[in-house]
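Comments concern the structure below.
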Amino acid sequence: MPNSADALRRWLGMFCLAMAAGMLIWGRTVLQPHLTGVGFVCYWLGCFTFTFAAIFVAMLDLRTLRRRAQEQHRELIRRTLDETTASARRESDPSEH
């Protein structure tokens with residue numbers, strides 16, 4: 001079940017992605033004649049920073065989801081084995097017949 005950390009991580013990822021997309025659009029249209037020299041390098045470095053931050057946040061989210069899925073899988077196996085064992089004990093217990 002998603003929690004506030006998941007929501008924050010996803011919001012942060014979307015923010016970084018939106019910033020990178022916005023910077024890309026602005027850099028290729030409105031700001032293109034004004035970006036020269038060091039300003040050009042700094043601007044596009046910022047855009048790449050937002051892009052890689054979005055990728056990093058997505059990888060963190062993927063790792064968290066995979067870990068949660070593994071934990072749920074283990075819990076499901078444990079409960080199934082417990083139920084199966086309890087059922088087998090009830091069937092083999094002669095005192096209940």
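The values are calculated or read from the model by the stated rules, or taken from the named source; none is laboratory data. Note that the coordinates shown come from a computational prediction; the quantities given were computed from them, not determined experimentally. Here Cβ is always computed from backbone atoms with ideal geometry, including for glycine, and neighbour counts include all displayed protein chains. These accessible areas exclude ligands, DNA and RNA; they are computed on the full protein's heavy atoms, side chains included. Shrake-Rupley method; radii C 1.70, N 1.55, O 1.52, S 1.80 Å.
Only one of the numbered conditions (1) more than 16 Å from the chain's Cα centre (by Cα); (2) surrounded by 14 or more Cβ atoms within 10 Å (Cβ to Cβ) is violated by Cys42, and that is (2).
Restricting Leu12, Leu35 to residues that are in a loop (DSSP other than H, G, I, E, B) and surrounded by 10 or more Cβ atoms within 10 Å (Cβ to Cβ) narrows the list to Leu35.
Counting the residues of the range 30-63 that are of a type in the set (D, E, K, R) and closer than 17 Å to Ala20 by Cβ gives 1. For the range 15-32, a tally of residues being open to solvent by less than 100 Å² (accessible area, probe 1.4 Å), farther than 30 Å from Leu65 by Cβ and outside any loop (DSSP other than H, G, I, E, B) returns 1.
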